[in-house]
Amino acid sequence: MATMLALNAPPGQGPVIQPFVHYRCLCSSPGPSATASRTPSTTRTATPTRTHPEAGTPTRDDDNRDMDIDQTMSETATPSADVIPTSAALTLASALHQHQQEQHDSARSKTAAEVYASGNNSDPHGSHSLSRLYFCDSCDEIRCPKCTQDEIVCYYCPNCLFDVPTASVKSEKHKCSRNCFECPICQSTLAVVSEDPDTGVYTAGVAPPGKYHLACNICQWNSQEIGMTFEKPTGLAVQLQKTEDSLPDVKEFDRLKDHLEKYFRVHSLKPGLPSSLLTSIQSGTLQSLRYVSSSSHKAQQSDDIAHYTPAVQVMEDTENLEKLMSITSLSETATMKQRLKQLQNQTYSTQRLQPQRIHLRIKKSRRCRSCRHILVKPEQKAQAIGFKINLIALSQLPNITIAGLQPMIVQTVSRVILRFTNPRHEEAHVSLRYGDGAIPNHGVVIHSPSFTVSPFNVVWEYEVGTMVTAPGALQEDVYERTANSTSIALDITPAAAGEVKIPLLVTFTFKAHKLQSDTESSVLPTQLVVSGSKDHPAPEIELIDKTVAFWTVIGFGEALPTFS
Amino acid sequence: MFGSGNIVEENAVIINRGPEALIIGDNNVFEVGSVMEGMKIGNRNTLEVKAHVKAGTWLGDECVIGTVCSTNENEILPDRTVIYGSRDDRRIFTGSRANQAAVHTRHLEYLMQILPKFNHARTSS
């Protein structure tokens, strides 16, 4: 497909524009639903950018400028200003769940028109490919990485896969406190090797007691080259702790921290400020002081109050300079990567590079900003790579792919096949609508604007060949129907040359299990006993219809101008 | 000319691309998929998996050509050169390679026991 397009593109035009399918998240386009649903979280989240209602207005203006001029946008801006105070009052006045639910439902019913207006353009800004998106099943909305926030779940060492308890992470400076070291030359993991003094031959593994040292299997580096040997093969980090603590820069940093801590507590600055204060003291530039603004005089005050004399004087390193000037081969100096791994002295000479403890890694979880539900939660253990909760859009929403593409020529009808793949275990219904707000507005004819897609069944994956089923459903004009996907045909007439992008509003209706928290009535004990009765069906197996509407921007590559 | 105690593993390629005889020393290891097209190779070298020694190159003693690394053509590599990493960095390593000689001896002994069991060689008669 890509090569076909490359052959069609006239030579000397630069990189070929590839077709794509992107989904639009509601957070990138302003609307009362987006801001109203975010107000409950303003008090809780620390990030002030998008969640603050006042800050919402400047971002809305930015989006307006970015997107193509859409007249309906300015109209939606004014009613949203009225909606915010009322919804904020509602949530602040009554924190009851039912109130929130009502407001949410009313906000959702308003979004039908706003959702249509929000994405009715072919601007790919703010749209993502499906693999990057999440789907919140309590809000029933697409969430992009910007409208979700991530939090750290656990810290672990990538080498020994040891779950480091969060309390000791800071004291160990985010490094593994067991025998995990990385080679100063090639940054690969070092192995602990023992030396057998009796026979004079080196043996591997846990051998009779002798001196132990570190060795790299990749670049054959030895810790004996820098004279680093150990008495015991375990707890190497502890054995190095003493030498680490006595380094001059660590002592200097502790002294400096003690000296400045008094002044921070006196001025009672916010925790976010000290870093900018320190830079403003060091650099003394007006720009950083302007950012600090009100506390700029405080900075000068703390500078005047006490002059700090460092315990270690940094000398002019003339001998290092001479050594550097007389370098003949590259192997004598450390590379940038090697120097930056060793932040305490960042030595130029390869001889002074030391093995560093391995840096810890983290596992993160993602949370929806509006309803605070967790979307992605990995398992706590470092060895387990699965997820406890994994609400990614790929497993909740239909995956739209371009299954057939004819070369596009201006003012010529070309047929495009779009395949919708249903990842859910129940049958789903899709209806499409072409948005006419795109500039340039290409002519699009959708042959089957409304169709169903069969559910996903693991058993069918093992069947060789596609299953073309028509299980009693009378859907005409569907191009092709296979195991869990349906392909439809679109006729596109490009109006202008250049990249062809069309906005498509997809309404996806599926059956989902009703969440326990959604039940309005309180769960009486008798309800659980009486199952299957007309008035109170058993809550566990209840399936309700849910509808999600979202915009997609589909690009088909370049349209060539007509030959005439 | 092949020395003694060399271990040549599966899919290793040893080709003489030059006009003279290819000289291979003792106790070398040619791991799986390695390609040796050079002119000379010394003792106790290791060509790791998919290593490539290009034509005209001389290898000294105790060199290590790392996994998927290659030398340049017509080079003379000094003793104890290590070629490693994705960019074929090199360095000369000091200090002896821990467990290299002992492991090699044990590898040879193991192979001498196992191979006759499963690969029946015809006795020359």
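The table for this structure:
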{"read-out": "Among residues of segment B:21-48, those that are under 18 Å from B:Ile76 (Cβ atoms) and in a loop (DSSP other than H, G, I, E, B), counted", "value": "11"}
{"read-out": "Qualifying residue in segment B:2-9 (condition: crowded, with 18+ Cβ neighbours inside 10 Å and within 12 Å of chain A (Cβ to nearest Cβ))", "value": "no"}
{"read-out": "Only listed residue being hydrophobic (A, V, I, L, M, F, W, C) and in contact (Cβ under 8 Å) with a residue 60 or more places away in the chain, chosen from A:Leu340, A:Leu391, A:Leu321", "value": "A:Leu391"}
{"read-out": "Some residue of segment A:189-209 being more than 7 Å from chain B (Cβ to nearest Cβ), part of a helix (DSSP H, G or I), in contact with a Phe, Trp or Tyr (Cβ under 9 Å, 6 or more places away or on another chain) and modelled with pLDDT of 50 or more", "value": "no"}
{"read-out": "Criterion violated by A:Glu231 - all others in (1) in contact with a helix residue (DSSP H, G or I) (Cβ under 8 Å, 6 or more places away or on another chain); (2) surrounded by 13 or more Cβ atoms within 10 Å (Cβ to Cβ) satisfied", "value": "(2)"}
{"read-out": "Qualifying position, being more than 14 Å from chain A (Cβ to nearest Cβ) and on the phi > 0 side of the Ramachandran plot, among B:Gly33, B:Gly18", "value": "B:Gly33"}
{"read-out": "A:Ala215 being under 30 Å from B:Thr67 (Cβ atoms) and part of a helix (DSSP H, G or I)", "value": "no"}
{"read-out": "Any hit, segment A:324-339, residues being of a type in the set (A, V, I, L, M), at pLDDT below 80 and either in contact with a helix residue (DSSP H, G or I) (Cβ under 9 Å, 6 or more places away or on another chain) or not in a helix (DSSP H, G or I) (or both)", "value": "yes"}
{"read-out": "Residue list for segment A:165-200, restricted to those being farther than 30 Å from B:Ile83 by Cα and in contact with a Leu (Cβ under 6 Å, 6 or more places away or on another chain)", "value": "A:His174"}
{"read-out": "Some residue of segment B:38-48 being surrounded by fewer than 20 Cβ atoms within 10 Å (Cβ to Cβ), at pLDDT 90 or above and among the aliphatic types (A, V, I, L, M)", "value": "no"}
{"read-out": "Residue in segment B:100-109 that is free of Cβ contacts under 8 Å to residues at least 40 places away in the same chain, touching a helix residue (DSSP H, G or I) at 6+ places or on another chain (Cβ under 9 Å) and within 14 Å of chain A (Cβ to nearest Cβ) present", "value": "no"}
{"read-out": "Some residue of segment A:240-256 being loosely packed, with under 12 Cβ neighbours inside 10 Å, more than 14 Å from chain B (Cβ to nearest Cβ) and modelled with pLDDT of 80 or more", "value": "yes"}
{"read-out": "B:Val82 being modelled with pLDDT under 90, within 14 Å of another protein chain (Cβ to nearest Cβ) and touching a strand residue (DSSP E or B) at 6+ places or on another chain (Cβ under 7 Å)", "value": "yes"}
{"read-out": "Which numbered condition A:Ile185 misses (of (1) in a loop (DSSP other than H, G, I, E, B); (2) at pLDDT below 80; (3) within 12 Å of chain B (Cβ to nearest Cβ))", "value": "(2)"}
{"read-out": "Those residues of segment A:214-230 which are without any contact (Cβ under 8 Å) to a residue 40 or more places away in the chain and more than 10 Å from chain B (Cβ to nearest Cβ), in sequence order", "value": "A:Gly227, A:Thr229, A:Phe230"}
{"read-out": "Leading residue by the ranking (surrounded by the fewest Cβ atoms within 10 Å (Cβ to Cβ)) among those in segment B:49-67 that are assigned to a loop (DSSP other than H, G, I, E, B) and within 12 Å of another protein chain (Cβ to nearest Cβ)", "value": "B:Thr67"}
{"read-out": "Sole exception among (1) surrounded by 15 or more Cβ atoms within 10 Å (Cβ to Cβ); (2) more than 10 Å from the chain's Cα centre (by Cα) for B:Ser86, by number", "value": "(1)"}
{"read-out": "B:Asp89, sole failed condition from (1) out of contact with any Asp or Glu (no Cβ under 6 Å at 6 or more places or on another chain); (2) more than 9 Å from chain A (Cβ to nearest Cβ)", "value": "(2)"}
{"read-out": "Residue count, segment A:322-348 (criterion: away from chain B (no Cβ under 14 Å) and either more than 38 Å from the chain's Cα centre (by Cα) or among the β-branched types (Val, Ile, Thr) (or both))", "value": "8"}
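Every residue, every condition in (1) surrounded by fewer than 17 Cβ atoms within 10 Å (Cβ to Cβ); (2) within 35 Å of the chain's Cα centre (by Cα), yes or no:
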| position | (1), (2) |
| --- | --- |
| A:Asn320 | yes, no |
| A:Ile362 | yes, yes |
| A:Arg369 | no, yes |
| A:Ile385 | yes, yes |
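The values are calculated or read from the model by the stated rules, or taken from the named source; none is laboratory data. Everything quoted here is computed from the prediction, not taken from an experiment. Cβ atoms come from the backbone with ideal geometry, glycine included; neighbour counts cover every protein chain shown.
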